[in-house]
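Heads up: the structure comes next, in structure tokens.
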Amino acid sequence: MKKKEEIWIQMARYMAGEMEVKEEINFRESVEKDDVLKKELKQMEKSWTHINDQASPEDVDPGKAWKKLHRRLEADGLLEDTNSLSEKRSFTPVLKIAASILVLLAIGVPTLWYGLTRNSNSPEELLQFSEKGVKTIDLPDGSRVFLNEGSKITYPESFKQERAVKLDGEAFFEVMSDPVNPFTVRSGQVMVSVLGTSFNVKEAEDVDNVEVYVETGKVRMSVENQDEFITLEPGDVGVADASSLSHSEQSDPNYISWKTKDFKFVDEELGKVLRELEESYHVTISAEGVNLNELRITSTYKEQSIDSILETIGAAFGLNVQKKEDLYYLNP
């Protein structure tokens, strides 16, 4: 197989999401080192993005498009025997994808790509977004995701090729065990791979890092373009940025309270308690005129509403609680 043909196949498999995690990492590393390949990939991604802005598939003449593509492939030396019918019949799915992308780029008919692939076995990609509160999502393999407010997750409608999802924000995963097919979460530049476990992935908003907390099982955590990885066990939290990986024991009993709505405070400053409640319930709590650092609380709350918790705190410290939409006021 010619080198140029191999490159096109790699690009096609990358765009189609058919690469394994390690293979994808190696491919992206090679792209970063090759300016020509990087330029070609960007052009392909640009064309891919604008597929839906083009004409409908009914306007395309597939026969004419294929002939033009065939001449282009032959001119580029990508066809070893242009007269072999048996080779056409044995044209692999990967090469079909590569050919489709070549049509997409070479002859300016993005809708032909849609026409060639809409009946293929490639699963459709689904997007779920949690606009308000925590959203529960059941994945094709039976795994469950608890998506925190303001977060989104992308995944295929079926896990025929691999169990892989993309996360922006924060989510807690309960993954069904499957030793043959690992479950992979990509968050930013971080890869999280498991066989079957429960864990939390959090992409920080103000800094470029990702946190992974393991509740059960084991989790492998790695960073794109790096060879090293760490293995996390129950109770561990791993932190990754663009250049490093580290892990430690998680000591915060309220780390996933946004999901469980279970809280435990032991001789804690009231100010910190209110900040914890704000993050977990996505509300704003104002306590002007109250010296929060001098007030301390020891208490537990289990699956209670924010209104109920604040009423309890108000009664304990002699504070009045008022509410206006998602804004709460604690007044002396």
Residue count, the range 188-229 (criterion: assigned to a strand (DSSP E or B) and either over 22 Å from Thr260 (Cβ atoms) or of a type in the set (Phe, Trp, Tyr) (or both)): 10
Where Trp258 falls short, out of the listed (1) among the aromatic types (Phe, Trp, Tyr); (2) in contact (Cβ under 8 Å) with a residue 60 or more places away in the chain; (3) surrounded by fewer than 17 Cβ atoms within 10 Å (Cβ to Cβ): (3)
When residues of the range 276-332 are limited to those that are exposed (fewer than 11 other Cβ atoms within 10 Å of the Cβ) and of a type in the set (Lys, Arg), the one nearest to Glu170 (Cα to Cα): Lys302
Verdict on Lys264 being closer than 30 Å to Glu311 by Cα and assigned to a helix (DSSP H, G or I): no
Gly318 vs. criteria on the phi > 0 side of the Ramachandran plot and out of contact with any strand residue (DSSP E or B) (no Cβ under 9 Å at 6 or more places or on another chain): yes
Ser177, sole failed condition from (1) at positive phi; (2) modelled with pLDDT under 90: (1)
Set Asp267, Asp252, Asp227: member being in contact with a Lys or Arg (Cβ under 6 Å, 6 or more places away or on another chain), exposed (fewer than 13 other Cβ atoms within 10 Å of the Cβ), farther than 21 Å from Gly133 by Cα and not basic (Lys, Arg): Asp267
Subset tally (residues that are under 30 Å from the mean Cα position of the chain (by Cα) and free of Cβ contacts under 8 Å to residues at least 24 places away in the same chain) for the range 275-318: 5
Within the range 12-30, tally of residues that are of a type outside the set (Asp, Glu), in a helix (DSSP H, G or I) and modelled with pLDDT under 75: 9
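The values are calculated or read from the model by the stated rules, or taken from the named source; none is laboratory data. What you see is a predicted model, and the numbers here were worked out from it, not measured in a lab. Using ideal geometry, Cβ is built from the backbone for each residue, glycine included, and neighbour counts are taken over all protein chains shown.
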